[in-house]
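One structure is given below, encoded as structure tokens.
All of the numbers you see were taken from the coordinates with simple rules; none came from a lab. Fair warning: this is a prediction, and the values are worked out from it, not measured in the lab. Cβ placement follows ideal geometry from the backbone for every residue including glycine, while neighbour counts extend to all protein chains displayed.
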Amino acid sequence: RQVKAIDLTDPGAPKLAATYATGKNPEGIAFLDARFMVVAAANADSLSLIDRVTAEVTEIPLEIDPAALHGQEPSAPAFDEAASRLYVALGGENAVLAFDVDLGKTPPTLARKGRFGTGFWPSGVVVRAGGDLVVTTLRGHGGGPIPMPFDLGDNDIGERMKGSVALVPAPSSADLTAGDAQVTMDNDVGHVPGAPAVDCPEGAADFPIPTTNDGKSPVIDHIFFILRENKNFDSLLGDMPGADGEPT
């Protein structure tokens with residue numbers, strides 16, 4: 001939750017010049033001018049606008065609706081100085097978000113302009129002369145679930161997860177408005193035909209969570225635990241009282 005500035009005036013004796021607070025997991029920096037910089041905080045779903053003169057930090061949330069689900073994962077900001085526009089890669093949305101920046105105000109204001117879609121998990125944005133963008137992704141197009149086991153050292157998954165590089169013409173306001181609607185539709189997987197739905201029957205007191213220990217539930221047949229990648233039951237739930245797990 002910090003960015004540290006290192007003074008390299010004397011390369012042989014670098015020293016800590018300043019420490020700035022940020023949102024959780026700062027991943028990328030873009031300088032708006034000699035005074036202000038923006039830090040993308042991936043696990044806070046926000047930007048930290050930092051005044052390097054006063055050390056004041058302004059948190060800028062990325063989600064318009066505060067009740068919306070988290071997981072945008074902003075990682076790489078890039079500033080188009082000529083157009084005064086800030087771009088931010090959103091890994092969790094497969095999109096790039098654009099803001100118009102007003103440097104005439106202190107601190108600068110960021111006005112959301114819209115998004116455009118990218119490949120799987122955008123990881124970097126570079127602004128070229130003229131406003132065109134280069135966007136890199138970490139995971140290419142993705143391959144979806146693979147219903148087969150792999151031995152240690154098998155590289156099939158690695159072959160499926162190659163990234164990509166895209167050249168994007170400088171987006172207009174209309175492009176960003178249309179792209180915003182497209183990204184919203186693409187990410188609304190719950191409304192895709194065939195998507196599973198959860199029904200909560202009227203009067204079913206043990207759905208979705210059982211509220212009684214009086215034997216087997218008449219409603220629930222199976223319970224699935226969905227864990228984060230590279231985690232297991234013990235690492236997340238092993239310390240719960242009564243759990244059949246290893247708390248260490």
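For a modelled paramagnetic label at VAL126, 7 Å from Cα along Cα-to-Cβ, the residues of region 15-44 in reach, with backbone nitrogen under 18 Å, are 28-31. Answer rounded, prolate or oblate for region 29-132, using the Cα gyration tensor with square roots of eigenvalues a ≥ b ≥ c: rounded when a/c is under 1.5, else prolate when a/b is larger than b/c, else oblate. Because a/c hits 1.5 or more and a/b fails to exceed b/c, region 29-132 counts as oblate.
Using C-alpha pairs below 8 Å separated by at least 6 residues, the relative contact order for region 1-117 is 16 percent. State whether region 47-86 is rounded, prolate or oblate according to the following rule on the C-alpha gyration tensor (a ≥ b ≥ c being the square roots of its eigenvalues): a/c under 1.5 gives rounded; otherwise a/b larger than b/c gives prolate, and the remaining case gives oblate. Oblate. What nm value, rounded to one decimal, do you get for the distance between ARG1 and ALA67 when each label is placed 7 Å out toward the C-beta? Those two pseudo-labels are separated by 2.7 nm.
Out of the trypsin sites (Lys or Arg not before Pro) in region 24-80, which ones are loop residues according to DSSP with at most 15 other C-beta atoms within 10 Å? Don't skip to the end; give the middle numbers.
On the way: sites: LYS24, ARG35, ARG52; in loops: LYS24, ARG35, ARG52.
Answer in residue order: LYS24, ARG35.
So if R0 is 51 Å, what FRET efficiency would VAL165 and GLU246 give, r being the distance between their Cβ atoms, rounded to the nearest 0.05?
Numbers: r = 43 Å, r/R0 = 0.85.
Given R0 = 51 Å and the Cβ-Cβ separation, E is 0.75.
Assuming R0 = 51 Å, can you tell me the calculated FRET efficiency for the pair LEU236 and ASP51, based on Cβ-Cβ distance, to the nearest 0.05? Plugging the Cβ-Cβ distance into 1/(1 + (r/R0)^6) gives 0.85.
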